[in-house]
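The values are calculated or read from the model by the stated rules, or taken from the named source; none is laboratory data. This is a predicted model, so every value here is computed, not measured. Please note: Cβ atoms are built from the backbone with ideal geometry, for glycine as well, and neighbour counts cover all protein chains shown. Side chains are part of the model used for accessible areas, which takes the heavy atoms of the whole protein and leaves out ligands, DNA and RNA. Shrake-Rupley method; radii C 1.70, N 1.55, O 1.52, S 1.80 Å.
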Amino acid sequence: MALVGLFWITEDCVYVGAEPVGAATGVRLTEEGVEALGLGQGRSWSWSQVRRIEVRDVAVRSAARRLVSMAFDNLVVAVTGDGELPPSYTVCVDATDGLVEVSVASAVTGGIYTPTEYELSCALLTRLADGSTAVDELLAWRRAQAADNTPSREDREALLRKWTGDDCH
């Protein structure tokens, strides 16, 4: 798996947020459509049924503020021994049968995204929902990777720009 923006990309599917484990909730994107996973969820839609996918409550900070927040969190864990679960945010799937909101765990360390990765991830969700970008593009990139490494911030942003058609920056 590799993390790019809000996405946890495996060879077979893409998760918005972290891949859910056990009874945790999550959202999986496949070539066929969108699935809401976990307790009380168990719903799925083909891409033709999906009108929009949006996210709410995502922690977004500048790269410098993100680094300070992560350092502080690491210090708290080192001093107290208390670790926290990753922060969560809400994925809203607007489909022909109504709106479904699913809480997902953040996949990125510290749960904080940079503004650029967040904005590009939101743009990619829009393109996935309207069919102008296919999940296959993300999966093909992942399958071509030799290792399960998350790209650098610059490379993640470049990938998101490529997938959103925003190659001009």
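Some notes on this structure:
- Qualifying residue in segment 84-94 (condition: open to solvent by less than 60 Å² (accessible area, probe 1.4 Å) and of a type in the set (A, V, I, L, M)): yes
- The residues listed here are Thr109, Thr80, Thr96; of these, the one that is at negative phi and modelled with pLDDT of 90 or more is Thr96.
One line per residue, one yes/no per condition, for (1) at pLDDT below 95; (2) open to solvent by less than 20 Å² (accessible area, probe 1.4 Å); (3) not small (Gly, Ala, Ser):
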{"residue": "Ser121", "(1), (2), (3)": "no, yes, no"}
{"residue": "Asp130", "(1), (2), (3)": "no, no, yes"}
{"residue": "Thr133", "(1), (2), (3)": "no, yes, yes"}
{"residue": "Asp136", "(1), (2), (3)": "no, no, yes"}
{"residue": "Ala144", "(1), (2), (3)": "yes, no, no"}
{"residue": "Ala147", "(1), (2), (3)": "yes, no, no"}
{"residue": "Ala158", "(1), (2), (3)": "no, no, no"}
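- Residue under evaluation Glu19, criteria (1) buried (at least 19 other Cβ atoms within 10 Å of the Cβ); (2) of a type in the set (Asp, Glu); (3) under 11 Å from the mean Cα position of the chain (by Cα), criterion not met: (1)
- Test set (1) modelled with pLDDT of 95 or more; (2) more than 15 Å from Thr90 (Cα to Cα) - Glu11 fails condition number: (1)
- Any hit, segment 43-56, residues being open to solvent by less than 60 Å² (accessible area, probe 1.4 Å) and at pLDDT below 95: no
- Given (1) open to solvent by 80 Å² or more (accessible area, probe 1.4 Å); (2) more than 22 Å from Tyr89 (Cα to Cα), number of the condition Ala140 does not satisfy: (1)
- Matching residues, segment 91-124, being under 14 Å from Asp166 (Cα atoms), touching a residue at least 60 places away in the same chain (Cβ under 8 Å) and of a type in the set (A, V, I, L, M, F, W, C): Leu120, Cys122, Leu124
- Pairs with Cβ under 8 Å, 6+ apart, first in segment 11-27 and assigned to a strand (DSSP E or B), second of a type in the set (S, T, N, Q): Val14/Thr30
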